[in-house]
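Heads up: the structure comes next, in structure tokens.
The values are calculated or read from the model by the stated rules, or taken from the named source; none is laboratory data. These numbers were taken from a predicted model, which means no experiment stands behind them. Backbone-built Cβ (ideal geometry, glycine too); neighbour counts: all protein chains shown.
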Amino acid sequence: MKFGKEFAAQLVQEWQDAYMDYNYLKTILKDLLRFKQQQHTPSPMMPAKGPLKRRVSLYRAFSGLTSKYRNSPRKSEDEAILVSEGSDDGKYQTMLLMLSDGGGECELLFFRRLDDEFNKVVHFYKKKVEEVMAEADELSKQMNALIALRIKIENPMVYETKMLNLASSYSLIHPANGSTPGQVLMDTIQEVEMSGEKHSESERGASNGGEGDMTAFRPVPLEVLDHVQINIKPETPGSMLKGVLKSLKSDRSFTKRELKKAEQLMAQTFAEFYQKLRLLKSYCFLNQLAFSKIMKKYDKITSRNASKTYLEMVDNSYLGSSDEVTKLMERVEATFVKHFANGNRRKGMDTLRPKAKKERHTITFFLGTFFGCCIALIVAIFVALHARDVLNNPGRTQYMDNIFPLYSLFGYIFLHMLMYAGNIYFWKRFRVNYSFIFGFKQGTELGFREVLLVSSGLAVLTFAGVLSNLDMEMDPRTQSFKVITELVPLALLLLVILITFCPFNMIYRSSRFFLIRCAIHCIFAPLYKVTLPDFFLADQLTSQVQAFRSLVFYICYYGWGDFKKRENSCVDSDVFKTFYLIVAIIPYWLRFLQCLRRLFEEKDIMHGANGLKVFSIIVAVATRTIAFEFRTAQTLKFAAIATSVVATVGATYWDIVIDWGLLHRNSRNPWLRDKLLVPNRSVYFIAMVLNILLRLAWMQTVLGFREAPFLHRTALTAIVASLEIIRRGIWNFFRLENEHLNNVGKYRAFKSVPLPFNYDDNEGKDA
């Protein structure tokens, strides 16, 4: 693999604008090489006309840039460049000491751009190092509070007697005639300081065993708990209410549960912080390697030895000489292993450095097996339908009214998972960091093969249920088992629910629990802080309205219908119609509550506008369902059409402009965005047109197309619901693409973990 592709594959996507622009510099060198190949050197006897005048004019044009270096010492006569750091702005500038006979413009342009790229990289790296140093100071204070909290909770006697102090720290670590239990406890919780860079020299001496170096050890002051408050985010509605009531009290009391939660948050914070340090170190290494590669290309084209001088400057610069990140990584490792892994370095490093997810051949094998089974089952179903002549059978209507809605539920789930697998494939192809955006734990995110495996497994079960249902009815020996025949869809539904909530570590438990947690956050939307996975899932639920209606039909069919005779009166029941309306509104209502919560927390008017958009959809769905399901007056039908038009226009505008970030007339890509991940711009216009057309699927309801001559009403409903799922799948890709580009624009490459302790304003700075 060429370095350019390897460089692009390893860089942090959210920092891609801060990396050295290797491809552009390589393009300049290609122009230089092309110019040298095409150049015809004039004979020495010929008078120098054009080329000589051109070289002189070039040198004079840039003489102002090079005059400051005329008195600079040169190491040798063969030295091609001279690099100097500006005294005012600290930027590096390169002077080209020897212009070649041809390509002088390209060489000057190359070094100009090279300096710009290097200064950009150094500035970004220095800024990020300052940020992690400040964060390390904050983590050090958080660890002081955590250790003091451990002492107070696990050994209150030590806390009350104030055994840990500067005067007795030496005797506690080096007891003369044995150790008391309290002294042993103090010996087990000594803190590895993270942010004491100024004590680094003394700490090196302490590691060598010198007794006089105990001044480097700074014990944790237990008085720190007098200046902090616990900052544990509530995880349940009940704990939230308890937190609100507790905040009204002024006492600083702590519990073991709060200690455990604080330890979990600190462990997550250290893991994220260590990941940030790793990526920052990788950023430094990749850029140094890129500068080395590009300078060697320059030397090869120009037959000079300029890379040695330039790379010496790179090594002596802040980018090549700073070791703050390496020191911080060592201290984070030591602190994490000691305080969060019980001294087990292998366990601690497995948490800090999770192993990359490996592709398994068994997944591909079973995926192919399941899809092969699906094809075989589909063929068998068509053969069974043809053998029984179901399409012309009087029982066709009875089957479509009773059995088809039961199995269509699994069809909606399968189609949604299929679209999600396609989303993951294209997100990976266009390098959208979906695992970071969703907040998946590293190594647990599902790839498109895993999603296809689960969806194909569900499809096999569904098609097997349909085929077994048909076989039992066709075979005279099994026609008496009517109860078993009709219970097949219910058994399949119970199996899917059982697998979803299975507590055992099987069938991607972490992903299932992540989905369940997000679903709980959606159900109790006002009582939880709304994150992107939560409202993303709520948006998916709004496209599964027909699936929720199928669940209501399950309850009606098996609870109040005569499923043994394949008969039900659900459609004619006002109670069923009422629930039919309620379950259609619930997903939009949850999304509406999420918008209100975000408006209340973030004070952003855009969330209020989004809430109005969702509320307009609620009104449209309600009026449309009442008008055409309850057979009301003609006036309400016109109201349904009007509200549906308003909701469709508002939702379409929000999808394309706000969620996708498109339709910008003055962008570099007219009517799109300045930055696009898909090279073919026509894909975006096709997606916008499809979004509009698929959103108009509700028109079949208001125009009276409730049953086609060759399609049953339930089949037409399933097709319309499937079109909405397909629209949502298309929406998913461009929504996450826009989110990824926003993260890139703001250099957001890490998720923020809330810190467990808040310091008082007055004492926090001195703690």
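Consider segment 280-327. How many of its residues are closer than 20 Å to Asn23 by Cα and either under 32 Å from the mean Cα position of the chain (by Cα) or not aliphatic (A, V, I, L, M) (or both)? Qualifying residue count, segment 280-327: 20.
So which helices (runs of 4 or more DSSP H) stay within segment 339-422 end to end and still have 1 or more residues that are in contact with a Phe, Trp or Tyr (Cβ under 9 Å, 6 or more places away or on another chain) and not assigned by TED's automatic domain parsing to the domain that holds Tyr434? Can you show your working first?
Working: elements: 345-352, 361-388, 395-402.
Result: 345-352.
For segment 724-739, the condition holds for no residue, the condition being that it is modelled with pLDDT under 90, among the hydrophobic types (A, V, I, L, M, F, W, C) and farther than 28 Å from Arg624 by Cβ. Scanning segment 516-556 for residues that are of a type in the set (Ser, Thr, Tyr) and over 20 Å from Leu498 (Cβ atoms) yields Tyr528, Thr531, Thr542, Ser543. Taking residues in segment 570-592 that are more than 25 Å from Asn610 (Cα to Cα) and assigned by TED's automatic domain parsing to the domain that holds Ile520, and partners anywhere that are among the β-branched types (Val, Ile, Thr) and modelled with pLDDT of 85 or more, the pairs with Cβ atoms closer than 6 Å and at least 6 places apart or on different chains are Phe579/Val552. Leu286 fulfils the conditions (1) part of a helix (DSSP H, G or I); (2) at pLDDT below 90; (3) surrounded by 17 or more Cβ atoms within 10 Å (Cβ to Cβ) except for a single criterion, (2).
Look at (1) surrounded by fewer than 18 Cβ atoms within 10 Å (Cβ to Cβ); (2) closer than 20 Å to Arg549 by Cα; (3) under 31 Å from the mean Cα position of the chain (by Cα) and you find that Asn680 fails only one, number (2).
Here Glu330 passes the criteria (1) without any contact (Cβ under 8 Å) to a residue 12 or more places away in the chain; (2) closer than 30 Å to His740 by Cα except the one numbered (2). Is it the case that Phe501 is under 23 Å from the mean Cα position of the chain (by Cα), assigned by TED's automatic domain parsing to the domain that holds Ser435 and among the aromatic types (Phe, Trp, Tyr)? So Phe501 does not fit the description; no.
For residues in segment 651-671 being in a helix (DSSP H, G or I) and of a type in the set (D, E, K, R), which is nearest to Ala620 (Cα to Cα)?
Of all residues in segment 651-671, those in a helix (DSSP H, G or I) come to 651-659.
Imposing the further condition that a residue be of a type in the set (D, E, K, R) reduces the set to 655, 659.
Details: Asp655: 17, Asp659: 21 Å.
Looking at the filtered set, the residue picked out is Asp655.
Here Val657 clears all of (1) surrounded by 16 or more Cβ atoms within 10 Å (Cβ to Cβ); (2) out of contact with any helix residue (DSSP H, G or I) (no Cβ under 9 Å at 6 or more places or on another chain) except the condition numbered (1). Answer yes or no as to whether Leu662 is surrounded by 15 or more Cβ atoms within 10 Å (Cβ to Cβ) and over 23 Å from Leu696 (Cβ atoms). Spelling it out, it is not the case that Leu662 is surrounded by 15 or more Cβ atoms within 10 Å (Cβ to Cβ) and over 23 Å from Leu696 (Cβ atoms).
Go through the residues of segment 606-619 one by one and say whether even a single one is farther than 23 Å from Val432 by Cβ, more than 27 Å from the chain's Cα centre (by Cα) and among the basic types (Lys, Arg). No, there is no match, as no residue in segment 606-619 is farther than 23 Å from Val432 by Cβ, more than 27 Å from the chain's Cα centre (by Cα) and among the basic types (Lys, Arg).
When the residues of segment 348-387 are narrowed to those that are touching a helix residue (DSSP H, G or I) at 6+ places or on another chain (Cβ under 8 Å) and surrounded by fewer than 13 Cβ atoms within 10 Å (Cβ to Cβ), which ends up farthest from Gln268 (Cα to Cα)? Give the steps one after another, and end with the answer.
If we filter segment 348-387 for residues that are touching a helix residue (DSSP H, G or I) at 6+ places or on another chain (Cβ under 8 Å), which is where we start, we get 348-349, 351-353, 359, 363-364, 366-367, 370-371, 373-374, 377-378, 380-381, 384-385, 387.
This time we only want the ones that are surrounded by fewer than 13 Cβ atoms within 10 Å (Cβ to Cβ), so: 359, 387.
On the way: Glu359: 26, Ala387: 60 Å.
So the residue we want is Ala387.
Residues to consider are Tyr554, Tyr588; find the one that is modelled with pLDDT of 90 or more, among the hydroxyl-bearing types (Ser, Thr, Tyr), crowded, with 21+ Cβ neighbours inside 10 Å and part of a helix (DSSP H, G or I).
Values: Tyr554 fails: crowded, with 21+ Cβ neighbours inside 10 Å.
That would be Tyr588, the only listed residue that is modelled with pLDDT of 90 or more, among the hydroxyl-bearing types (Ser, Thr, Tyr), crowded, with 21+ Cβ neighbours inside 10 Å and part of a helix (DSSP H, G or I).
Whether any residue in segment 522-545 is in a helix (DSSP H, G or I), within 19 Å of Phe410 (Cβ to Cβ) and over 24 Å from the mean Cα position of the chain (by Cα) is what I want to check. Can you show your working first?
Filtering segment 522-545 down to residues in a helix (DSSP H, G or I) leaves 522-523, 525-527, 532-542, 545.
With within 19 Å of Phe410 (Cβ to Cβ) added as a condition, the list becomes 540-541, 545.
Restricting the remaining residues to those that are over 24 Å from the mean Cα position of the chain (by Cα) gives 545.
Yes, that holds for at least one residue.
Restricting the first member to segment 442-462 and to residues that are of a type in the set (Lys, Arg), and the second to residues that are outside any helix (DSSP H, G or I), the beta-carbon pairs closer than 8 Å and six or more apart or on different chains are Arg449/Glu359. Pairs are defined by a Cβ separation below 9 Å, a sequence spacing of at least 6 or placement on different chains, a first member in segment 651-668 that is of a type in the set (Ser, Thr, Tyr), and a second member that is assigned to a helix (DSSP H, G or I); the pairs so defined are Thr652/Met688; Thr652/Asn691; Thr652/Ile692; Thr652/Arg695; Tyr653/Lys613.
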